[in-house]
1. Have a look at Leu227, Leu237 and point out the one that is open to solvent by less than 20 Å² (accessible area, probe 1.4 Å), modelled with pLDDT of 90 or more and assigned by the TED database to the domain that holds Cys301.
2. For Glu209, all conditions in the list (1) under 29 Å from Glu409 (Cβ atoms); (2) open to solvent by less than 10 Å² (accessible area, probe 1.4 Å) hold save one; what is the number of the exception?
3. Return the pairs, sorted by first residue and then second, in which the second residue is buried (at least 24 other Cβ atoms within 10 Å of the Cβ), the first residue lies in region 6-35 and is aromatic (Phe, Trp, Tyr), the beta carbons are less than 6 Å apart, and the residues are 6+ apart or on different chains.
4. Being hydroxyl-bearing (Ser, Thr, Tyr), open to solvent by 40 Å² or more (accessible area, probe 1.4 Å) and under 13 Å from Ala13 (Cα atoms) is the filter here; which residues of region 126-162 pass it?
5. Out of Phe109, Phe86, Phe92, I need the residue that is open to solvent by 50 Å² or more (accessible area, probe 1.4 Å) and at pLDDT below 90. Which one?
6. Just to be sure before I move on: is Ser361 under 18 Å from the mean Cα position of the chain (by Cα) and over 20 Å from Gln150 (Cβ atoms) in the structure I sent?
7. Check Tyr253, Tyr218 and return the single one that is modelled with pLDDT of 90 or more, in the same structural domain as Thr296 (by the TED database) and in contact with a helix residue (DSSP H, G or I) (Cβ under 8 Å, 6 or more places away or on another chain).
8. Kindly list, by first and then second residue, each pair from a residue in region 185-204 that is under 18 Å from Pro383 (Cβ atoms) to a residue that is surrounded by 12 or more Cβ atoms within 10 Å (Cβ to Cβ) and aromatic (Phe, Trp, Tyr), limited to pairs with Cβ atoms under 7 Å and residues at least 6 apart or on different chains.
Amino acid sequence: MAIEMTSPKFKVAICGGGVGGLTLAVALSKYPDIQVEVFEAAKSFTELGAGIGLWPRAFKVLQKLGAGVEQGLISKALGYKWTEEFGKSIWFPSMTFRTADKPDGVELFQLMTKGDLMKLHRADFHGVLISQLPHSYKTHHSKRLVSYAQPQPPAISPITLIFTDGTTSSCDVLIGADGVKSAVRGSMMRGIAQTLTGEAAAAVLSCAEPIWSGATMYRTLIAAEQLRASQPNHRALREPTVFLGQASSIITYPISDGKYVNFAGSSMCADLVSTIYEADTSGRRRFEGPWVDELTKEEFCKPFQDFKDDVKLLLECVDKGTLWAVHTVKELPTHSYGRVALLGDAAHAMLPFQGSGAGQSVEDAYFLATVLGHPSTTLETVPRALAVYDKLRRPFSSAVALGSKLNGELFMLQSDVPLTERAEAVTKNWEWAWLSELDESLEEAVRILDSASAS
């Protein structure tokens with residue numbers, strides 16, 4: 001995919017080549033007067049993890065990136081169908097609560113949605129985005145950021161990027177898409193804290209590092225052929241299902257054209273992952289040990305040993321799996337500072353219980369491309385454009401993060417909401433994903449920037 005470059009109005013450096021960073025890179029290709037470089041910490045563009053889901057709101061944003069992205073994703077999604085008629089598509093046809101002493105689980109409710117959930121292998125999603133990167137873009141691997149140095153206003157000289165290998169680079173605009181451990185966020189929070197004193201400075205500094213949420217995820221892919229051999233009609237082969245347990249839950253759905261069943265289990269019990277709670281001086285919890293670790297079959301299955309029937313059949317098909325210590329980010333005071341902005345997990349890493357982390361990264365990325373590509377945005381006015389992004393996106397993504405936390409409490413029976421009212425609570429908490437669109441915020445952003453350029 002080639003684009004004709006004109007004289008660039010500024011150079012954007014994207015730190016992080018995951019879903020959010022690459023979505024931003026593809027979205028910026030609509031603006032040939034913006035120069036783009038992507039810096040990825042890994043040796044190649046890769047995506048860890050297994051299944052990923054995209055709600056209608058996020059997919060509508062991806063459609064704006066062109067037919068290559070839209071058709072590429074549809075070709076990789078299992079049984080994907082698009083419908084605007086509410087109630088015709090069901091994502092959770094069965095949300096089942098199972099207890100250790102009852103062989104037959106209790107079906108709680110069906111979550112009715114407007115539009116299908118696009119179910120993908122994360123690597124497939126990543127591959128589609130990579131295929132759409134312009135050849136003119138410079139991409140770098142094995143470039144892990146340590147920090148950056150941003151000249152203080154009114155200076156508009158380049159931002160300096162410092163990498164772990166001792167090299168440096170420069171840019172006019174820096175976007176941190178470098179995940180929950182974001183070095184860009186750390187530098188940003190420390191820079192803001194230097195302008196403050198006392199408790200205000202301490203509060204900002206407390207946002208620099210991620211926090212262990214107390215949740216752990218157990219992820220694996222199950223070969224559909226193996227599951228089918230033991231149980232040809234298992235619900236996991238045909239429909240997404242959530243199994244609820246006391247302080248644990250499991251979601252399953254088929255991906256990769258039905259070749260695999262994605263299994264994502266979660267636990268909120270500390271004793272299931274040994275003694276790993278430790279409070280530091282700021283009251284944060286820290287996870288002692290690797291945040292991502294390979295597990296044997298026995299280790300993987302242990303948190304779900306009290307589940308019955310359908311889940312036991314799934315666990316019998318597990319070969320090995322991966323444990324993920326789910327870390328989140330405190331609600332930040334801002335997602336931009338000068339000519340630097342954060343997107344995705346770097347800005348609002350959240351619990352996975354709304355299946356919306358990737359979708360929020362996509363929304364952040366497209367929104368950033370829109371404000372940076374606006375005709376009124378120049379090197380001098382970049383801070384204004386990023387401030388608009390912060391003003392309109394941060395409250396929404398923060399609300400989604402809170403909703404994900406609340407859903408986790410509902411899923412793992414940690415909520416005071418009665419079981420009979422749980423269907424209404426989950427649906428109300430989640431309906432933004434199919435009943436709202438990013439377009440309204442985009443239009444408001446454009447109005448603000450149009451007004452500023454006319455004044």
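The values are calculated or read from the model by the stated rules, or taken from the named source; none is laboratory data. Only a predicted model underlies this, so the values are computations on that prediction, with no experimental measurement involved. Here the Cβ is made from the backbone with ideal geometry for all residues, glycine too, and neighbour counts use every protein chain on show. Side chains are part of the model used for accessible areas, which takes the heavy atoms of the whole protein and leaves out ligands, DNA and RNA. Shrake-Rupley method; radii C 1.70, N 1.55, O 1.52, S 1.80 Å.
1. Leu227
2. Single failed check for Glu209: (2).
3. Phe10/Val173
4. Residues satisfying the conditions are Thr139, Thr160.
5. Phe86
6. Yes.
7. Matching residue, one of Tyr253, Tyr218: Tyr218.
8. Between residues of region 185-204 that are under 18 Å from Pro383 (Cβ atoms) and residues that are surrounded by 12 or more Cβ atoms within 10 Å (Cβ to Cβ) and aromatic (Phe, Trp, Tyr), the close pairs are Ser187/Tyr148; Met188/Tyr337; Gly191/Tyr337; Ile192/Tyr337.
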